[in-house]
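Below you'll find the structure, written out as structure tokens, and then a few comments.
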Amino acid sequence: MGVGTAINVAAVLIGGGIGTLVGAQLPERMRQTAMQAIGIVTLLIGIQSFVQFDNPLVPLVAAISGLVVGELLDIDGALKRFGDGLERRFSKGESPVSRAFVTTSLLFCVGPLTILGSLEDGLSGDYSLLALKSALDFVAALSFASVLGWGVLLSAGTVLVVQGTLTLSAGLLEGLVTEPMIAATTATGGVLILGLGLMLLELKEVRVANMLPALLVAPLLVAAAPLWPF
């Protein structure tokens, strides 16, 4: 438990360090190709997570229900407004370090992979999703550091605090969460990961953040299964 967060922190530090030193010299075409490869792998991970659950109705109902809640709450819009507000507050031309820190902290810590990966790491010790996120964050840290400078390195601390807290909190729920509930959450997360892959490949703009409540709906559906009339 916690290995995934350690890998993620290291990826941000290494990617940000390389970006600060030599990132500006890397061709844009190389960075685009790497991001496309990661997008394809993200799609495959999402499909793999989805098909491992034998009842597709659970992630389907969870995704739709979660999306309704997310759209009503406008989670995606709220996160964007929050990020814009932080950037306006801390980035007034005084220091590029503040802008780099705020921008990359939001990028690395707001998203389904952060939540789902940390929960899986805490509940089962499976850090494969956080390893995938680490690859994404490595490329992003390298790219941002090449433009914004060493302030990107400070966001590694944010990753440590946010993901570490989620991982430890998940461990406290170990006695309450069953294997079917974890499997349902993973399958539902696969739907979100598919949406993230589509965004990375620039094929479709998906408001993935609005689907985050689905990760709470899925285990509740499994827990309520004995009450269903069929």
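Taken together, the values in this text are just the output of simple stated rules run on the coordinates, not laboratory data. Source: prediction; values computed, not measured. Ideal geometry is used to build each Cβ from the backbone, glycine not excepted, and the neighbour counts take in all protein chains shown.
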Checklist line | Whole-Hz couplings from phi, Karplus 6.51/-1.76/1.60, listed for segment 41-49; x for Gly and Pro | finding: 5, 4, 4, 5, 5, x, 5, 4, 5
Margin query: Can you compute the modelled spin-label distance between Gln48 and Thr178, with each label point 7 Å from Cα toward Cβ, in nm?
Written below: 2.7
Notebook entry, point to check: From the phi of every residue in segment 196-213, what ³J(HN,Hα) in whole Hz does the Karplus formula 6.51 cos²θ - 1.76 cosθ + 1.60 yield, where θ is phi - 60° and glycine or proline is x?
Noted result: 5, x, 4, 5, 5, 7, 6, 8, 7, 7, 10, 7, 4, 4, 6, 9, 4, x
Check: Excluding Gly2 itself, what net charge comes from residues whose Cβ is under 13 Å from its Cβ, given Lys and Arg +1 and Asp and Glu -1?
Finding: -3
Checklist line | Kirkwood hydrodynamic radius (C-alpha pairs) into Stokes-Einstein, segment 119-230, 20 °C and 1.002 mPa s, D in µm²/s | finding: 133
Notebook entry, point to check: Got a sec to turn the phi values of segment 144-154 into Karplus ³J(HN,Hα) couplings, 6.51 cos²θ - 1.76 cosθ + 1.60 with θ = phi - 60°, whole Hz, x for Gly and Pro?
Noted result: 5, 5, 5, 9, 9, x, 6, x, 4, 4, 5
Next item on the list: Excluding Asp74 itself, calculate the net charge of residues whose Cβ lies under 11 Å from the Cβ of Asp74, where each Lys or Arg counts +1 and each Asp or Glu counts -1.
Entry: +1
Next item on the list: Give, as a single signed number, the net charge of other residues whose beta carbon lies under 14 Å from the beta carbon of Ser49, with Lys and Arg counted +1 and Asp and Glu -1.
Entry: -2
Margin query: With a cut-off of 8 Å between alpha carbons and a minimum separation of six or more residues, what is the relative contact order of segment 99-204 in percent?
Written below: 39
